[in-house]
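Engineer: Quick one: the structure is below, questions incoming.
The values are calculated or read from the model by the stated rules, or taken from the named source; none is laboratory data. Worth saying up front: this structure is predicted, and the values here are computed from it rather than measured. When we count neighbours, we look across all protein chains shown, and the Cβ atoms used for this are built from the backbone with ideal geometry, even at glycine. Ligands, DNA and RNA are stripped out before the accessible areas are found, and what is left, the full protein with its side chains, is counted by its heavy atoms. Shrake-Rupley method; radii C 1.70, N 1.55, O 1.52, S 1.80 Å.
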Amino acid sequence: MPEFQLSAERLDPLLVASSTPFDKATLALHLERYRLASEYVRDADVVDCACGTGYGSEMLAQAGARSVQGVDLDRSALAFARARHVHPAIIYYEADALRYTPSSKPAVWVSLETVEHLPNPRAYVARVVAVLPVGGRFIASVPVTVSTDGNPHHLWDFTRRSFRELLSSHGFVEERALEQNHRFTLGDVFGESRGARERDRRHGLLRWYLRHPSVLARRVQLTVTKGLVNEYLTVVAVKK
């Protein structure tokens, strides 16, 4: 097996079984998103952008996709994907999400927990809409509660409204939505149960909050009103 290290950004069903409850709950959310996407891929050419270790690409292929282009920048994750999540319908590509040109025109573009990582989300969605045919589907998910404080890889905080506006402003019409909640404890963040999350969490958080008081305010409001929770929105959107 290629050497690969779990992180909160790179989980896999083959590796997370011996990990922490937080990792298992996080993976369960990802699997539910891919199960939703799997309902729309039969006989379709599909792009799975930010495919990570490839388990989702394999799910899409097993659901009957004609072809799946798994795209990611992480070379070690792709090596794992090519070794452990193999399917005749899948080809994995090492490429940047903002620059990738599909080898065949897809009818479905899957992009789960991707947009919040990108320096220019609008440019990315514009690129997706330019590639998809009329009637093509963009299946995308983001956190819709503040996440840039805990995760240094996240560049944007979305709300349900702002994410839907991003899609609709590029001509996408929402067909279906999946909302998910992930409740956690302080031990999941700071204690012995933090598992793979430790490798991705932001260090020096108090100093970071001093530089980003508006994010701190949103985190406090969220915690007071809803407790310790991360919320996510997956949208199936159609190009009109």
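Engineer: What number, rounded to the nearest 500 deg cm²/dmol, is the helix-based mean residue ellipticity at 222 nm of the chain, given -39500 (n - 2.57) per DSSP H run of at least four residues and division by all its residues? Each step should come with its number before you reach the end.
Structural biologist: Details: 8 runs with 82 residues, N = 240.
One gets -10000 deg cm²/dmol as the mean residue ellipticity at 222 nm.
Engineer: Distances over 14 Å make up what percent of all Cα-Cα pairs in region 95-153?
Structural biologist: Numbers: 991 of 1711 pairs.
So the pairs more than 14 Å apart make up 58 percent of the total in region 95-153.
Engineer: Can you grab the distance from the C-alpha centre of region 138-176 to the C-alpha centre of region 47-115, Å, no decimals?
Structural biologist: Cα centres, region 138-176 to region 47-115: 21 Å.
Engineer: Something else: For the chain, what % of the accessible area comes from carbon and sulfur atoms, probe 1.4 Å? Please report the intermediate quantities before stating the final value.
Structural biologist: Details: 6070 of 11120 Å².
The C+S portion of the solvent-accessible surface of the chain is 55 percent.
Engineer: In the chain, once you exclude exposed GluC sites (Glu not before Pro) (DSSP loop, at most 16 other Cβ within 10 angstrom), what's the longest stretch remaining?
Structural biologist: Working: sites that count: 3, 39.
Within the chain, the longest run free of exposed GluC sites (Glu not before Pro) spans 40-240.
Engineer: Would you list the P(r) distribution for the chain, with all Cα-Cα distances sorted into 10 Å bins from 0 and each bin expressed as a whole %?
Structural biologist: In whole percents, the pair-distance histogram is 7, 32, 37, 19, 4, 0.
Engineer: Could you estimate the translational diffusion coefficient of region 99-222 from the Stokes-Einstein equation, with Rh from the Kirkwood formula over C-alpha pairs, at 25 °C and 0.890 mPa s, in whole µm²/s? All intermediate terms of the calculation are to be shown ahead of the outcome.
Structural biologist: Working: Rh = 16.4 Å.
The estimated diffusion coefficient comes to 149 µm²/s.
Engineer: How long is region 1-133 along each principal axis, judged by its Cα atoms, biggest number first, in Å?
Structural biologist: 42, 33, 26
Engineer: Sort 148, 101, 223 by heavy-atom solvent-accessible area, probe 1.4 angstrom, most to least.
Structural biologist: On the way: 148 10, 101 95, 223 55 Å².
Most to least solvent-accessible, the answer reads 101, 223, 148.
Engineer: What does the accessible area of residue 105 come to, in Å² to the nearest 10, when a probe of 1.4 Å is used?
Structural biologist: Residue 105 has an accessible surface of roughly 120 Å² with all protein chains in place.
Engineer: Let me ask something else. Provide the per residue accessible area, probe 1.4 Å, for the chain, rounded to a whole number of square angstrom. Don't jump to the answer; show the numbers that get you there.
Structural biologist: Numbers: 11120 Å² over 240 residues.
So the chain comes to 46 Å² accessible per residue, rounded to a whole number.
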